[in-house]
Amino acid sequence: QVQLVESGGGLVQAGGSLRLSCAASGSIVSFNVMGWYCQAPGKQRELVATITTSGSTVYADSVKGRFTISRDNAKNMVYLQMNSLKTEDTAVYFCKLIQWPKNYWGQGTQVTVTS
């Protein structure tokens, strides 16, 4: 079994920054993909960014150049540095671990960006 715990969400003004962290524990294998997804009220959950254990990344177009995903494989941690935040970034951010054939989700952390 795998557990994911996110932290670092909060309230920030537009143009500000936040750093999200996700700690994975349990049965973690050597190759996996970790990522961040967000879900705004009334909308579907959508990709923000993913990163493999080898460091390959994928970003949503809306966050390219503003957000950076990184990970510490030794600690089973993944991070999301969010800069130049916009009000439209307001959402619950979820950590995801893709470890074939299963997907695991964290409980989510709220990010609210005010104008």
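Remind me, relative contact order of the stretch 66-115 in percent, using alpha carbon pairs under 8 angstrom and six or more residues apart?
RCO, the stretch 66-115: 31 percent.
What residues qualify as long-range amide H neighbours of VAL48, i.e. H under 5 Å apart, gap of 5 or more or another chain, H built at 1.01 Å from N?
Excluding prolines and chain starts, which carry no amide H, the hits are TRP36, TYR37, CYS38.
Given R₀ = 25 Å, what would the calculated FRET efficiency be for SER115 paired with SER7, taking r from the Cβ atoms and rounding to 0.05?
0.50
What's the lysine pair count for the chain at a Cα cut-off below 21 Å, pairs eight or more apart or interchain?
7
Would you mind calculating the relative contact order of the chain from Cα pairs under 8 angstrom and at least 6 residues apart, reporting the percent as a whole number?
Relative contact order of the chain: 36 percent.
Once amide H atoms are placed 1.01 Å from N in the peptide plane, what residues at a sequence separation of 5 or more from GLY10, or on another chain, have their amide H within under 5 Å of its amide H?
For GLY10, the qualifying residues are VAL111, THR112.
DSSP loop chymotrypsin sites (Phe, Trp or Tyr not before Pro) in the stretch 20-96 with at most 12 other Cβ atoms within 10 Å of their Cβ, which ones?
PHE31
So, for the stretch 19-108, what is the accessible surface per residue at a probe of 1.4 Å, expressed in square angstrom?
That works out to 53 Å² per residue.
Leaving out ligands, DNA and RNA, and with a 1.4 Å probe, what % of the accessible surface on the chain is carbon or sulfur?
50
Karplus couplings for the stretch 69-79 from phi (6.51 cos²θ - 1.76 cosθ + 1.60, θ = phi - 60°), rounded to Hz, Gly and Pro as x?
Once θ is set to phi - 60°, the couplings for the stretch 69-79 become 9, 8, 8, 10, 5, 5, 9, 6, 10, 10, 10 Hz.
The values are calculated or read from the model by the stated rules, or taken from the named source; none is laboratory data. Bear in mind the structure is a predicted one, so any value in this text is a computation, not a measurement. Using ideal geometry, Cβ is built from the backbone for each residue, glycine included, and neighbour counts are taken over all protein chains shown. Ligands, DNA and RNA are excluded from the accessible area calculation, which covers all protein heavy atoms including side chains. Shrake-Rupley method; radii C 1.70, N 1.55, O 1.52, S 1.80 Å.
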